[in-house]
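Asker: Have a look at the structure that comes next, please.
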Amino acid sequence: ICFLLFAVLYIVSYFIITRYKRKADEQEDEDAIVNRISLFLSTFTLAVSAGAVLLLPFSIISNEILLSFPQNYYIQWLNGSLIHGLWNLASLFSNLCLFVLMPFAFFFLESEGFAGLKKGIRARILETLVMLILLALLILGIVWVASALIDNDAASMESLYDLWEFYLPYLYSCISLMGCLLLLLCTPVGLSRMFTVMGQLLVKPTILEDLDEQMYIITLEEEAIQRRLNGVSSTVEHQAAELERELEKVKSRKTNLERRKKASAWERNLVYPAVMILLLIETSISVLLVALNILYLLVDETAMPKGSGGPGIGNASLSTFGFVGAALEIILIFYLMVSSVVGFYSLRFFENFTPRKDDTTMTKIIGNCVSILVLSSALPVMSRTLGITRFDLLGDFGRFNWLGNFYIVLSYNLLFAIMTTLCLVRKFTSAVREELLKALGLDKLHLSNNPRDSETKPSANGHQKTL
């Protein structure tokens, strides 16, 4: 069963990566082999990331199914042993991809072989292995120094000699904490950014707008730019390139207008408001659950995200509303993951990291796979820490050292609630704030939001209309 699940995830991941991977030019056979190996390792990592995302939803729905049909013959394969095995495999493969496979793929891709050795695959593998050993020694030294600074006692230092039982879980605990902090930064931004993204994907209602008139104006503008482009001499390359970029923008606006004009009344006036209301409800429920979890943390110590200590799989429902509550938890978990990915690529530091269809280098694909793996591995921990679900963390996910620290968990919940609220307030008051800045004459100081978030578009009379 585990093999079948992973095979499906691997196939889906392969199609996703090949969709974005840059089409290989004519290369030498050696470079083609290296790229193919790196592609397979990246696909494996992305499949592990998808498995880590599905851990909590699969476990929650399995628990409810076992409660509803305890003696059903056809679901005997679905038991606690399978769930625990999936959590252990996800933890093992996450460590393997993060510390071995992805560094190997990156160094293998960048390697050329040591000077003086015969060039070839073996020389590149040798250089990659040496780089991996040096990287492992560097990380080992960093963790030793950090352990000596934080917890300087003999027992702590001796435990680091136990590589498998303590050192790797301790290192993965640090990576998980970094992933949760990254989620804390990305998710609130993504929750507010989701409204803009869905607004770009859906057709908005046409209120006080004449699409025919706008289409006529854009058509005239396109024809005027085309005539100017035809009249420009081929020697003036920069002017021709600028006109071509302007023409592409006009064509893009014309395509969007044609799509809005062809959309049905149901799609314009019902789908868009319904999706926006649904996003607002899901975000509000998430913030409400986090606020309730803060109260639970203050009055009940059992609300702390610990390892498996409650009833086993299929013995009791972990949701107050039964199957409906479990379905709501699953929807919120997927919503948080999508929002975190959207927020990750919306941050200024990672803007140029966004993959492009058929134009993404292998190095950038490796970086994206590592980032998605860190986010997805931290998703079950974040969901349990924020109180989105009461399902206990199984396997190594429940052994993280920082999960038992009350102040870290409480601070994490408070920061998430405050940052999400501030991002939403900033999102929904941006138009009012910009109008106030214009009224006070402060609009020239550039105190407004990121221009990417403000949805301005030209109206029929040429003025800018802010929705």
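The values are calculated or read from the model by the stated rules, or taken from the named source; none is laboratory data. Note that this is a predicted model, so its numbers are computed, not measured. With ideal geometry, Cβ positions are generated from the backbone for all residues, glycine too; neighbour counts draw on all protein chains shown. These accessible areas exclude ligands, DNA and RNA; they are computed on the full protein's heavy atoms, side chains included. Shrake-Rupley method; radii C 1.70, N 1.55, O 1.52, S 1.80 Å.
Asker: Name the residue, out of Asn63, Asn72, that is modelled with pLDDT under 85 and surrounded by 23 or more Cβ atoms within 10 Å (Cβ to Cβ).
Answerer: Asn63
Asker: When you scan the stretch 200-218, do you find a residue that is among the β-branched types (Val, Ile, Thr), modelled with pLDDT of 70 or more and in contact with a Lys or Arg (Cβ under 7 Å, 6 or more places away or on another chain), even just one? Reasoning before the result, please.
Answerer: Taking the stretch 200-218 as the starting set, the residues that turn out to be among the β-branched types (Val, Ile, Thr) are 203, 206-207, 217-218.
Imposing the further condition that a residue be modelled with pLDDT of 70 or more reduces the set to 217-218.
Then keep just the ones that are in contact with a Lys or Arg (Cβ under 7 Å, 6 or more places away or on another chain); that gives 218.
For the stretch 200-218, residues among the β-branched types (Val, Ile, Thr), modelled with pLDDT of 70 or more and in contact with a Lys or Arg (Cβ under 7 Å, 6 or more places away or on another chain): present.
Asker: So which of Phe104, Phe108 ends up being open to solvent by 30 Å² or more (accessible area, probe 1.4 Å), touching a residue at least 60 places away in the same chain (Cβ under 8 Å) and of a type in the set (Phe, Trp, Tyr)? Show your work before the answer.
Answerer: Working: Phe108 fails: open to solvent by 30 Å² or more (accessible area, probe 1.4 Å).
Result of the check over Phe104, Phe108: Phe104.
Asker: How many residues, within the stretch 351-377, are assigned to a helix (DSSP H, G or I) and of a type in the set (Lys, Arg)?
Answerer: Within the stretch 351-377, residues that are assigned to a helix (DSSP H, G or I) and of a type in the set (Lys, Arg) number 1.
Asker: Restricting the stretch 332-385 to residues that are over 23 Å from Leu403 (Cα atoms) and of a type in the set (D, E, K, R), which is surrounded by the most Cβ atoms within 10 Å (Cβ to Cβ)?
Answerer: Lys364
Asker: Right, another one. Is it the case that the stretch 20-32 has a residue that's aliphatic (A, V, I, L, M), closer than 25 Å to Thr354 by Cα and modelled with pLDDT of 85 or more?
Answerer: no
Asker: Which one of these does Ala52 not meet: (1) open to solvent by 10 Å² or more (accessible area, probe 1.4 Å); (2) in a helix (DSSP H, G or I)?
Answerer: It fails just one condition, (1).
Asker: Okay, next question. Taking Ile33 as the residue in question, decide whether it is assigned by the TED database to the domain that holds Arg356 and surrounded by 13 or more Cβ atoms within 10 Å (Cβ to Cβ). Show your work before the answer.
Answerer: Numbers: assigned by the TED database to the domain that holds Arg356: yes; surrounded by 13 or more Cβ atoms within 10 Å (Cβ to Cβ): yes.
Here the answer is yes, as Ile33 does meet what is asked.
Asker: Return yes when Leu92 is within 27 Å of the chain's Cα centre (by Cα) and farther than 29 Å from Phe397 by Cβ and no when it is not.
Answerer: No.
Asker: Limited to the stretch 75-86, what total is found for residues that are in a helix (DSSP H, G or I), without any contact (Cβ under 8 Å) to a residue 60 or more places away in the chain and open to solvent by less than 60 Å² (accessible area, probe 1.4 Å)? Please lay out each step first, then the result.
Answerer: To start, the set of residues in the stretch 75-86 that are in a helix (DSSP H, G or I) comprises 75, 80-86.
Those still in the list that are without any contact (Cβ under 8 Å) to a residue 60 or more places away in the chain too: 75, 81.
Subset that is open to solvent by less than 60 Å² (accessible area, probe 1.4 Å): 75.
Final tally of qualifying residues: 1.
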